[in-house]
């Protein structure tokens, strides 16, 4: 059984975990971001179809991110207590859950792809039918990768919990590299073949997701072979562990449901302002998702370090005093908050400076570029707030404080984001109204997680949070 070194959450330790975690966090959005750049060359209607389908697929997988975040919260505590085999067993159980849930998502998605795409794309409105058709076609193909994406989420979760972010980095580089090579070839064709257009990007994603998930399954096999004979990694489903994961997952599901309702509503409203508006929203939204995960790489480090610190105060070879573990966890929280703020300010300045050139990377359509500024300056201005919010989210997720995050996210969605989104449709505020809603959502969350972090109530010690 491996020993666990107590960490202080200093800059070097945070960077050691955060830097390799960045490409892993960005994997799924990066697929869609690359697709946006490639499909954008096909014109406004295919790009609008990708906007609708991409947000649907991303929200399906995001809704199930408890497979990653919940597994990290539990595995990191066990790892902190010196119980590595139990921590890896958490990953095995999360993988079983990922396969089961992924198959259900695939089946349900094939049944609902047409109706949901039509509603979000505004089928029956001028130009809406063409957007809906493209969205449905892309989504049906992309859904074949849903079980694979969920297996990857589970794999990321337990590996973060044991503070291994290097192997997932290798896996994601392989998958993303393959997708980046295949996407333009399958969309535009090669030689005398004209390619598959919009659908080609979905095929490229599924191929890459298959490769990545295969690496994570192999990692579980390697861990099982390396485990001590007296402390094995359990490969069969363990009902008690699955139930415990489901309890934590319940709160995280409800939390991400708040995100889902907000971003699906935003895309639906943007679609009703016309193809140029929803295409512009797609560009800025995908940049938002991508940079959010850049900031969230710091939060991933916080999850692993906070969970390990709190877990080391429980029973096991690495056990220490409860007050010592709680103090170290609070120190990590303070540090990552500062790091998140610095990164957020830096991103705000960067995106403001890149405004004259960056939107043109994704499309040359003048009607789309004319609408981008309505969302762009909200996007740039929110970066410092996002840096702090995402860092503290990581702290609270690492502590297993999912119930608090669930409640505050739903409140922020109901009081901030959703009212302004739908008001922007009724009052014709356009993208400015949609992104004002996102701003209100982020400010409410900032106040909530800031007060929670200062209270210290989240710092509950032990190998398993009770």
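Values quoted throughout were computed directly from the atomic coordinates according to the rules given, and no laboratory measurement underlies them. Note that the coordinates shown come from a computational prediction; the quantities given were computed from them, not determined experimentally. Here the Cβ is made from the backbone with ideal geometry for all residues, glycine too, and neighbour counts use every protein chain on show.
Values computed for the structure shown
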read-out: The chain - mean residue ellipticity at 222 nm from DSSP helices (-39,500 (n - 2.57) per run, n ≥ 4, rounded to 500); value: -27000 deg cm²/dmol
read-out: Gap separating the Cα centres of region 400-466 and region 360-385, nearest whole Å; value: 23
read-out: On Cα atoms only, tilt of 275-311 relative to the major axis of the chain in degrees; value: 0
read-out: At 1.002 mPa s and 20 °C, Stokes diffusion of region 155-214 via Kirkwood alpha-carbon radius, µm² per second; value: 171
read-out: Dimensionless Rg/Rh of region 323-466 - Kirkwood Rh, Rg from C-alpha atoms; value: 1.08
read-out: Theoretical FRET efficiency, 1/(1+(r/R0)^6), r = Cβ-Cβ of residue 451 and residue 11, R0 25 Å, to 0.05; value: 0.45
read-out: Inter-label distance, nm, simple model (7 Å from Cα along the C-beta direction), residue 170/residue 353; value: 3.5
read-out: Projected-area mean, region 198-343, by convex hull of Cα positions, square nanometres; value: 13.3
read-out: Rel. contact order, % - alpha carbon contacts under 8 angstrom, at least six apart, region 85-244; value: 32
read-out: Hull volume in cubic angstrom per residue (convex hull over the Cα atoms of the chain); value: 127
read-out: Rounded Å value of the spacing that divides the Cα centres of region 244-312 and region 213-229; value: 29
read-out: Residue 422-residue 377 FRET efficiency (beta carbon distance; Förster radius 25 Å; 0.05 resolution); value: 0.70
read-out: C-alpha long axis of helix 27-39 to longest principal axis of the chain, angle in °; value: 10
read-out: Crossing angle, helix 239-271 versus the chain [Cα axis fit, 0-90 degrees, rounded to tens]; value: 20
read-out: Length-normalised contact order of the chain in % [C-alpha pairs under 8 Å, at least 6 apart]; value: 24
